[in-house]
Amino acid sequence: MSFGDRRIKFTLFGLGRLGVLRARILAFQQPRIELVAVCDTKPGTDKWAAENLPPSVQYFSDPQECLKNSGAEAVLICTATATHAPLILQALDLGLHVMCEKPVSVDIATTQAVVERSASKPHLKFLVPFTRRYDKNYRTAKALIDNGTLGEIHAVETTGIDQQDPNAFFVSFSEQSGGIFLDFGIHTVDAGRYLLDVKSGLTNTKKQVNRVIAFGQLAVYGDLAKYGDCDNAWGLVEFANGKIFKTYLGRTLTSGFEDTTRLCGTKGHSIISANSNVEIRDHIGIRTQSVPDAFTLFDETFLTDLAEFADAVLDDKPLTCQPEDAFEAGKICAALQYSFRKGVPVYFDDNGLPIMESK
């Protein structure tokens, strides 16, 4: 094998809903990646791995053993949120490149510690991928911004609505996910930061946000109340340079998954509709067929971000998302969730941290 054909050896942690999707991509759809191991502590996941992955892929039920003995050069973490930060830190300390699903942590201080640790190891790549940055429609919109077609973007509005889940999985998941803003809204918040030049004109680059405020409803899933969460939420962010971001998040759509974003520019507006609905004309009438969930809508992004990460490790190419992006989006979402729970606006201090009383 020539140097140009070298593949990076990967271990995947977590074989949940997203993990099994990632496992198949790592094993069969990434020419520059070799999946050497998977790890999950749940009973039965060894059977899934044996039936769906190449026989060369090792299975581990002990994360510590896997980290030390899998022979991997990089890890992809798709586990429960509470385990993200410990696994990231251990992997970095073992000299492994790290890719981790969002969020790094529901705790701002923990996220900051992880970002600082990764910065202390510049020879290792660390990526928290945000799907919209890898979506072709969002990238087209970003190109319109960068070439000046829309003028200066002064505001961004996003909508992200999940289809109703008859099993209400996210209700119990809310206890560990941090709530609708950290679990779901972190993607739309990052999209807003991606499309707005939030650092322009700042004299204090640490402080990117002035204040946020959020509201929420319990329209369908009343049990979310015991976790301080809601099934419909609105968040408003005023950045320190005066730019505005607004997001609407929902768990209660009955027709599929919806994702739209409006860019407000001084020369023009642009609406991103990532849904690409299919129109059906038959004896029933004319209607559009929507996608069931975000995994289906953004399916290509799960290939694109892994390919980019492999190129970054093997060829030192740049990454679309930086650790700072995960930290900034996480701070905003934590502040929005707090604002919803307490019914108050949240201001940010000169160090760029949200001012929130202890819970």
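The values are calculated or read from the model by the stated rules, or taken from the named source; none is laboratory data. A quick note: this is a predicted structure, and the numbers were derived from the prediction, not measured. Cβ coordinates were reconstructed from backbone atoms using ideal geometry, including for glycine residues, and neighbour counts include every protein chain displayed.
Structural remarks
- Search result, residues across the range 182-201 that are of a type outside the set (D, E, K, R) and closer than 15 Å to residue 157 by Cα: 185, 186, 187, 188, 189, 191, 192, 194, 195, 196, 198
- Qualifying residue in the range 150-164 (condition: farther than 26 Å from residue 196 by Cα and in the same structural domain as residue 331 (by TED's automatic domain parsing)): yes
- Residue that is modelled with the highest pLDDT [pool: residues in the range 254-285 that are crowded, with 16+ Cβ neighbours inside 10 Å, closer than 30 Å to residue 223 by Cα and not small (Gly, Ala, Ser)]: 261
- Any hit, the range 161-177, residues being closer than 29 Å to residue 311 by Cβ, surrounded by 14 or more Cβ atoms within 10 Å (Cβ to Cβ) and touching a strand residue (DSSP E or B) at 6+ places or on another chain (Cβ under 9 Å): no
- Members of the range 2-44 that are under 24 Å from the mean Cα position of the chain (by Cα) and among the β-branched types (Val, Ile, Thr): 8, 11, 20, 25, 33, 38, 41
- Within the range 202-244, restricting attention to residues that are small (Gly, Ala, Ser) and under 22 Å from residue 326 (Cα atoms), the residue that is farthest from the chain's Cα centre (by Cα) is 242.
- Checked against (1) in a helix (DSSP H, G or I); (2) farther than 30 Å from residue 201 by Cα, residue 95 passes all but a single condition, namely (1).
- Checked against (1) free of Cβ contacts under 8 Å to residues at least 60 places away in the same chain; (2) closer than 23 Å to residue 301 by Cα; (3) among the β-branched types (Val, Ile, Thr), residue 45 passes all but a single condition, namely (2).
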